[in-house]
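**Q** First the structure, which I've put down as structure tokens, then a few questions once you've had a look.
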Amino acid sequence: MQFISTRNRKPVVNFRTAVFEGLSPDGGLYHPLEIKDLGNFYDTLSPDMSFVSIAAGMIKALFNDEIPRADADELARVSFPFSPELSKLYEGLYLLELYHGPSFAFKDFGASFLANTMSYFLKKEQRRSIILTATSGDTGSAVAKAFYDKANIDVVILYPSGRVSPLQEKQLTTLDKNIHALEVEGSFDDCQRMVKEAFVDAKLKDRFRLTSANSINLGRLIPQSFYYIWAYAHLLRHKGLPPCFCVPSGNFGNLTAGVYAWQWGLPVSRFIAATNINDVVPEYLKSSVYTPRSSCKTLSNAMDVGAPSNFERLTAVFENDADKMRSMIEGRIITDEETITAINDVSGDTGRTVDPHTAVGVLAAKRHIAQESPEYPVVVLGTAHPGKFIEVVEKASGITPELPESLRKVLDLEKKSVVVENTVESLKAFLEKTFQS
Ligand SMILES: *Cc1c(COP(=O)(O)O)cnc(C)c1O
């Protein structure tokens, strides 16, 4: 499979290059050059197929030019020791639970696949690489967990000292082995600036083979299409009609991955882009005008994005035509007040607890169903475990969600970090000392 930038028709790159470069040299995002037809593979789907076997089938269908079939099976197996689950919340409304991975959010699927893919390519070439990443808390732990103990890769995570939650800090600093936590005396912006300055230094980048693992990487996006296909396969048993997917969205990576699966031939009735009041995409769907702006803080804070990075990929799919996008995607906006009500209602109606991000999706889906009375099933993507957002859930429903066992254990482990000044020189000094070659 080949990829090009969203901004220019050149250069054309393979998957390996897209994964290690992350961003295209022109500043655009990599996206598929041609539209694959996966109809033959989709025809083989059945409700009994495991997530690993669907993932393996997809890796073979997409990357047969770069990953041999036997390696594809192994890559799927090591990447996904966890699986999505599908449960029924209401009549016609299903929850696709994507939070059973190591960091209890859907980002585990992308991070784990990226880590294992990088490790696979590096092993074949007998090379080593260092991943450099800045975090304000949450994504860092998904990356750290995913890359932990992977061959040929070291990870250096920069986080702002005293500005991440105690649980997040423990998740970043207790892994050891190939995961190195740098506690920066400064802000998250300082961490990001240090990483950017290190990448600009071509000699440094080359010497330590620095690479990144941020959310725009195709190696994180593509595997997210796998669970749409898995959900479709499981729903064959329930209804037979193409499902509608309702996606709580921020940077729109998750939704874009679903749109790719559909573009490759997966039967889908509709997508719902559910956002909090950071609603630039629903606004575009209404007015055909895209106006990115700075973000506002909400209860569903992983969706507080005012300039969604994957919008460029979405408009590429729909050829910059708002009508085309509207024919497949509908926008729905949910406020914080409504989010709290939704958590409460789900708990009262079903006895289940959902996190604030998932709650945005559930309410958007309920509104769609109330207006359209659809025959097709509606599937809400459950993006995080409610135990990750205890305060909000408690306030809404009076119920304290269980903290998952492995998160509770992390709190008792010993923190190991290296304190550094907020300058690129101190980052360089750390790299020299730790990885001198
Ligand atoms: C990242 C995240 C989202 C938003 O996903 P995008 O792919 O950025 O649209 C939603 N919910 C949770 C819990 C997240 O961590």
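**Q** Filter the GluC sites (Glu not before Pro) in region 315-423 down to the DSSP loop ones having no more than 11 other Cβ atoms within 10 Å, then list what survives.
**A** Here the GluC sites (Glu not before Pro) that fit, given the DSSP loop and packing criteria, are Glu319, Glu375, Glu414.
**Q** So, by mean Cβ neighbours within 10 angstrom, what's the order for 127-135, 294-302 with the highest one leading?
**A** Sorting 127-135, 294-302 by mean packing, highest first, produces 127-135, 294-302.
**Q** Apply the a/c threshold of 1.5 to the C-alpha gyration tensor of region 232-388 and tell me whether it is rounded, prolate or oblate. Don't skip to the end; give the middle numbers.
**A** Working: a/c = 1.74, a/b = 1.07, b/c = 1.63.
It comes out oblate by the Cα gyration axes.
**Q** Report the charge-dipole magnitude of region 284-400 in Debye, nearest 20, computed about the Cα centre from +1 at each Lys and Arg Cβ and -1 at each Asp and Glu Cβ.
**A** In debye, rounded to 20, region 284-400 gives about 160.
**Q** Here's another thing I want to ask about it. Work out how much length Thr423 to Thr335 would gain on full extension: take 0.36 nm times their residue separation and subtract the Cα-Cα distance, in nm to one decimal.
**A** Value of the extension gain: 27.8 nm.
**Q** Past 25 Å, Cα to Cα, is the threshold; run Lys123/Lys415; Lys150/Lys205; Lys36/Lys205; Lys10/Lys145 against it and keep the listed order.
**A** Table pairs above 25 Å Cα-Cα are Lys123/Lys415; Lys36/Lys205; Lys10/Lys145.
**Q** While we're here: Quick check: net charge around Met118, other residues with Cβ under 10 Å of its Cβ, Lys/Arg +1 and Asp/Glu -1?
**A** Net charge in that neighbourhood comes out at +3.
**Q** Once the Cα atoms of helix 336-350 and of the chain are each reduced to a long axis, what angle between those two axes, in degrees from 0 to 90 to the nearest 10, is obtained?
**A** In the chain, helix 336-350 runs at an angle near 60 degrees to the longest axis.
**Q** Something else now. Hey, with R₀ at 22 Å, roughly what FRET efficiency would Asp323 and His238 work out to, going by the Cβ-Cβ distance, to 0.05?
**A** 0.10
**Q** Karplus couplings for region 60-67 from phi (6.51 cos²θ - 1.76 cosθ + 1.60, θ = phi - 60°), rounded to Hz, Gly and Pro as x?
**A** Coupling constants for region 60-67: 5, 5, 8, 10, 4, 6, 10, 10 Hz.
**Q** Take each of the peptides 100-106, 209-215, average the number of other beta-carbon atoms within 10 Å over its residues, and list them starting from the highest.
**A** Per-residue mean Cβ counts within 10 Å order the peptides as 100-106, 209-215.
**Q** Say each of Glu432 and Arg352 gets a label point 7 Å from the Cα, pointing the same way as Cα to Cβ; how far apart are those two points in nm?
**A** Roughly 5.5 nm, to one decimal.
**Q** Where Rh is the Kirkwood radius over the Cα pairs of region 225-281, the temperature 10 °C and the viscosity 1.306 mPa s, what D in µm²/s does Stokes-Einstein return?
**A** Translational diffusion coefficient: 134 µm²/s.
**Q** In addition: Report, by chain and number, residues whose modeled amide H sits under 5 Å from the one on Val184, excluding near sequence neighbours (fewer than 5 apart, same chain).
**A** Tyr159, Ser161, Val420
**Q** When Lys and Arg each count +1 and Asp and Glu each count -1, what net charge do the other residues less than 14 Å away from Asp304, Cβ to Cβ, add up to?
**A** My count for the surroundings of Asp304 gives -1.
**Q** Listed highest first by mean packing, meaning other Cβ atoms within 10 Å per residue, what order do 149-157, 27-35 come in?
**A** Averaged packing, sorted descending, gives the order 149-157, 27-35.
**Q** Oh, and also: Mind checking the full-extension length gain between Asn40 and Lys286? Use 0.36 nm per residue of separation minus the Cα-Cα distance, one decimal, nm.
**A** Numbers: separation 246, 0.36 × 246 = 88.56 nm, distance 3.58 nm.
In short, 85.0 nm is gained.
**Q** OK, next. At 7 Å along Cα-to-Cβ for each site, give me the label-to-label distance between Glu85 and Leu411 in nm.
**A** Calculated label separation equals 2.2 nm.
**Q** Still on this model: Decide, for region 297-342, between rounded, prolate and oblate: order the square roots of the alpha carbon gyration tensor eigenvalues as a ≥ b ≥ c, take rounded if a/c falls under 1.5, and otherwise choose prolate if a/b is larger than b/c, else oblate.
**A** Because a/c hits 1.5 or more and a/b fails to exceed b/c, region 297-342 counts as oblate.
**Q** Could you work out Rg/(2.2 N^0.38 Å) for region 66-164, with Rg from alpha carbons only?
**A** 1.28
**Q** Any idea how far apart Thr400 and Glu74 come out in nm if each label point goes 7 Å out from Cα toward Cβ?
**A** That separation, rounded to one decimal, is 4.7 nm.
**Q** Is the shape of region 271-328 best called rounded, prolate or oblate, per the rule: a/c under 1.5 gives rounded, else a/b larger than b/c gives prolate, else oblate, with a ≥ b ≥ c the square roots of the Cα gyration tensor eigenvalues?
**A** Because a/c hits 1.5 or more and a/b exceeds b/c, region 271-328 counts as prolate.
**Q** Something else now. Rounded to a whole number, what is D in µm²/s for the chain from Stokes-Einstein with the Kirkwood radius over alpha-carbon pairs (37 °C, 0.692 mPa s)?
**A** 148
Any read-out appearing in this document is the output of simple, stated calculations on the displayed coordinates, not a laboratory observation. Treat the numbers as computed from the prediction; the structure is a model and nothing was measured. Cβ coordinates were reconstructed from backbone atoms using ideal geometry, including for glycine residues, and neighbour counts include every protein chain displayed.
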